[in-house]
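Every number in this text was worked out from the coordinates using simple rules, so none of it is lab data. In this text, all values refer to a predicted model and were calculated from it rather than measured experimentally. FYI the Cβ positions are ideal-geometry reconstructions off the backbone, even for glycines, and counts take in every protein chain you see.
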Amino acid sequence: MEVVLDGNSLSIEQIRAVARQKATVSVAPQARVKMQGSRDFIERSVAEGAAIYGVTTGIGEFARIQISPEQSAELQRRIIYSHSAGTGDPQPEDVVRAGMLLRANVLAKGYSGVRLSLLDTVLEMLNKGVVPFINEKGSVGTSGDLSPLSQFAEVALGEGRAFYKGELVSGAQAMKQAGVKPTDLTYKEGLGLINGSQVMTAGAALLVYDAERILKNALIASAMALDALRAVQRAYYPPVHRVRPFRGQNAVAGNLLRLFADSEIMANSTGRVQDGYSMRCTPQILGPSFDTLEYVRGIVNTEVNSAADNPLFFGEEGEYFAAGNFHGQAIAMVVDFLCIAMSEVANLSERHTNRMLNPVLSGLPDFLVEGKGLNSGLMVAQYTAAALVSENKVLSHPASVDSISVSADQEDHVSMGPIAVRKCTEILKNVRTVLAIEMMSAAQAFEFHEGRRPGKGTGAAYDVIRSKVPRLVDDRVLYPDIEHIRLMVEDCTILDAVEAEIGPLLLSRDMDLPKPNVKV
C-alpha cells in the first residue's frame, strides 16, 4: 500500500497503515508545485530584507531581535538544539511514525516555505524505517509539539538518537545504515519541522482508530451480558429509539438486537416488564460514546489536513503571516472528551459484570460458580474491573483546562494536549481489560442456562472465548483468563468472529435517520 500526500486528504486509516503496517509514502505532484511556490516567495522576501518571524528574527520572546540572512541557517539549527528538552520514556514507535507522517503532510500542504528536499528526507526516513527516539514528556501542546518534533528533527540532521531495525543507535548511525542522507537547514526549516501539533495529533488519530474497535467490542460485551441476564428485549426495539433520533443510540439498539437474535436464553422469559438502568438504558449510555467518537474523528481529520505551522507563506498571494495555527487546543479538548466517553464505556461494563455476579440480581449462582463457600468464582475479577474504572475516573479530569505560561509570558496560554493523549491511551488499555472481564463473566453465565444457546452474535463470541478460556468449575488463577480475552479484544479476534456471523456492526456514521417531524 502507498499513501500519497497532498496536504488535504490524509485519513486516519492511512495514518494507521503507515504507523503500524509500514505502508510507503510519497508526495503528490501538485503538492510539490504548491511547496515550490511557497519556497520561492520566502526566498524573495529574504532577499528584499523583510523581517520575518523565525527566519530573519529570533523566536518566541526574541522575535523582537532581527538577524541577518547569513545567520538564518545557524538559527534554524540552534532552534532544534534548544528545543530538544524532553524527558521520560520513549514515545511508542507507531506514534513517532504517525507524527513524522503528519508533519510531512503539513509541509506538503505548501504553506511552510521549506524546500522540497527537506520533505523528501522526512519521507525517506519513514520509508526506510528510521524511527527517532522521542521522549514522551515535555510538550505543552502549544507552539506545536516543540520538544518531541525537535528530537525528530535532530535525526533528520544526522544527530540525536533513533531506532533502526529495533536497535537504539545514534541518529548518524541510523541514517547511514538506512542509506538516508541527512539534511541541512536554511530559512524557516528548523521551525518548519517543529512548529505544529503533529505528535499529539498522531496520538489522537491512533486513539480514534483504536476507540472505534473498542466500542464495537463493548457492543458485544454488553449484548453477552444482556443475553445472560435475560434482559427484556422491548427496551431495544426500534420505535423506542426512532423517537429519540440520536445516531449513536439508534446504532447501539439495532446492533444489540442483531447480536442476541435467536437467543434461546432470552426466549426463556423472566416475566419482568423492565430491567435496571444499566441494562435497560444500554443504548442511551453507550450511544453518546459512539456519537462522541464521530465528533472527535471529525476534529482530528481536520487538524491532520491543516496548515498547523507558523509563520505561513502564501506564494500565490505574495503574503506572509505570523499567527497561531500551531496551537493544539482543538485536539486537546476533543481528546479530553474522548477520555470521558471511553471511561463511560468501562463504567457500564463493570455494572453489567456486577449484575451477573450478584445472585440477587441475576438469578444465577453466586459469583458464577458452584460450590458456594469453597469456591469464590469470579468475585475478585470484578474487583479488578472496579479498580480500573475508578482509575479511569481520575484520568478523565481534563488536561485542557490547565495552562501554564511559558517563554516569558509570550506564550501565555497552552493546551496540554499531549497529557490528554497519554491519559486517553491509559484509559483505553483499562477499558479493554474491563470489557474482557465482562465477556469472561457472560461466557461463564451462559453455562448456567440449562443448555440453551445464546444469540447468533453472542454465541459466536462465546465460542471464540471458549477456544481459549474453558468453563470455570473450581477456582483457578484468573489473570491468565483475563489476559487471553483482553488480547482477543485488542486484536479484534472476537469482533471478527461476530461480524463474520452477523455482518458489520454499525457506528453512528452508518445510521441514516429520518428527522423527527417538527410542527411550527
Check your understanding: About its Cα centre, what dipole magnitude does region 204-510 give when the only charges are +1 on Lys and Arg Cβ and -1 on Asp and Glu Cβ, stated in debye to the nearest 20?
Key -> 1520 debye
Practice item. With N set to the residue count of region 84-174, report its C-alpha Rg divided by 2.2 N^0.38 Å to two decimal places. Key: 1.02
Practice item. Just report the Cα centroid separation between region 336-361 and region 133-160, whole Å. Key: 38 Å
Revision key, fill the gap. Protection proxy (average C-beta count within 10 Å per residue), highest first, orders 459-472, 203-216 as 203-216, 459-472
Practice item. Could you tell me how many degrees, from 0 to 90 and to the nearest 10, lie between the Cα long axis of helix 12-21 and the main elongation axis, the longest principal axis, of the Cα atoms of the chain? Key: 90 degrees
Check your understanding: Which of Phe367, Pro182, Val304 sits farthest toward the positive end of the charge dipole of the chain, with +1 on the Cβ of Lys and Arg and -1 on the Cβ of Asp and Glu?
Key -> Phe367
Practice item. State whether region 19-73 is rounded, prolate or oblate according to the following rule on the C-alpha gyration tensor (a ≥ b ≥ c being the square roots of its eigenvalues): a/c under 1.5 gives rounded; otherwise a/b larger than b/c gives prolate, and the remaining case gives oblate. Key: oblate
Check your understanding: What ratio of Cα Rg to 2.2 N^0.38 Å holds for region 204-510?
Key -> 1.13
Check your understanding: Efficiency by 1/(1 + (r/R0)^6): what FRET value for Val360 and Arg471, r their Cβ-Cβ distance, R0 = 22 Å, to the nearest 0.05?
Key -> 0.45
Revision key, fill the gap. Rounded to the nearest 10, the angle in degrees between the Cα long axis of helix 116-128 and the longest principal axis of the Cα atoms of the chain comes to 40 degrees
Study note, to complete from the structure: Here D for region 170-228, in µm²/s, from Stokes-Einstein with a Kirkwood Rh over Cα pairs at 25 °C and 0.890 mPa s, works out to 154 µm²/s
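Over all distinct Cα pairs, what is the inverse of the mean 1/r for region 268-314, reported as the Kirkwood hydrodynamic radius in Å? Intermediate results must be reported in sequence, preceding the final value.
On the way: mean 1/r = 0.0684 Å⁻¹.
Evaluated over region 268-314, this radius sits at 14.6 Å.
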Exercise for review: Quickly work out the Arg234-to-Lys128 label distance, labels modelled 7 Å from Cα along the C-beta direction, and quote it in nm with one decimal.
Suggested key: 6.9 nm
**Study point:** Inter-centroid distance (Cα atoms) of region 1-17 relative to region 63-124, Å
**Key:** 20 Å
Review point. By how many degrees, 0 to 90 and rounded to 10, does the Cα axis of helix 493-502 deviate from the longest principal axis of the chain?
Key: 60 degrees
**Study point:** Principal axis dimensions, largest first and in whole angstrom, of region 303-353 by Cα
**Key:** 62, 15, 9
Review point. Assuming a viscosity of 1.002 mPa s and a temperature of 20 °C, what translational diffusion coefficient in µm² per second does Stokes-Einstein assign to region 2-196, Rh being the Kirkwood radius over Cα pairs?
Key: 128 µm²/s
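Relative contact order for region 204-510 using alpha-carbon pairs under 8 Å, separation at least 6, rounded to a whole percent? Spell out each step's value before the answer.
On the way: 493 pairs, mean separation 80.9, N = 307.
26 percent.
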Point to revise | Which of Phe163, Gln30, Ala420, positive extreme of dipole for the chain (C-beta unit charges) | key: Ala420
Study note, to complete from the structure: At 25 °C in a medium of viscosity 0.890 mPa s, region 254-409 has a Stokes-Einstein diffusion coefficient, with Rh taken as the Kirkwood radius over alpha carbon pairs, in µm² per second, of 122 µm²/s
Exercise for review: Using the Cα centre as the reference, give the magnitude of the dipole from point charges on the C-beta atoms of region 8-95 (Lys, Arg: +1; Asp, Glu: -1; all else neutral), rounded to the nearest 20 debye.
Suggested key: 220 debye
Check your understanding: About its Cα centre, what dipole magnitude does the chain give when the only charges are +1 on Lys and Arg Cβ and -1 on Asp and Glu Cβ, stated in debye to the nearest 20?
Key -> 1120 debye
Practice item. Grab the DSSP H runs of the chain that are 4 residues or longer, score each as -39,500 (n - 2.57), total them, divide by all residues and round the 222 nm result to the nearest 500 deg cm²/dmol. Key: -18000 deg cm²/dmol
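Provide the gained length on full extension for the span His413 to Gln71, in nm with one decimal, where the gain is 0.36 nm per separating residue minus the Cα-Cα distance.
Values: separation 342, 0.36 × 342 = 123.12 nm, distance 2.99 nm.
Taking His413 through Gln71 to full extension adds about 120.1 nm, to one decimal.
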**Study point:** Karplus-derived 3J(HN,Hα), 6.51/-1.76/1.60, for each residue of region 370-383, Hz, glycine and proline x
**Key:** 7, x, 3, x, 7, 9, 9, x, 9, 3, 7, 4, 5, 4
Revision key, fill the gap. On each of the three principal axes the extent of the alpha-carbon atoms of the chain, given in whole Å and largest first, is 85, 63, 43
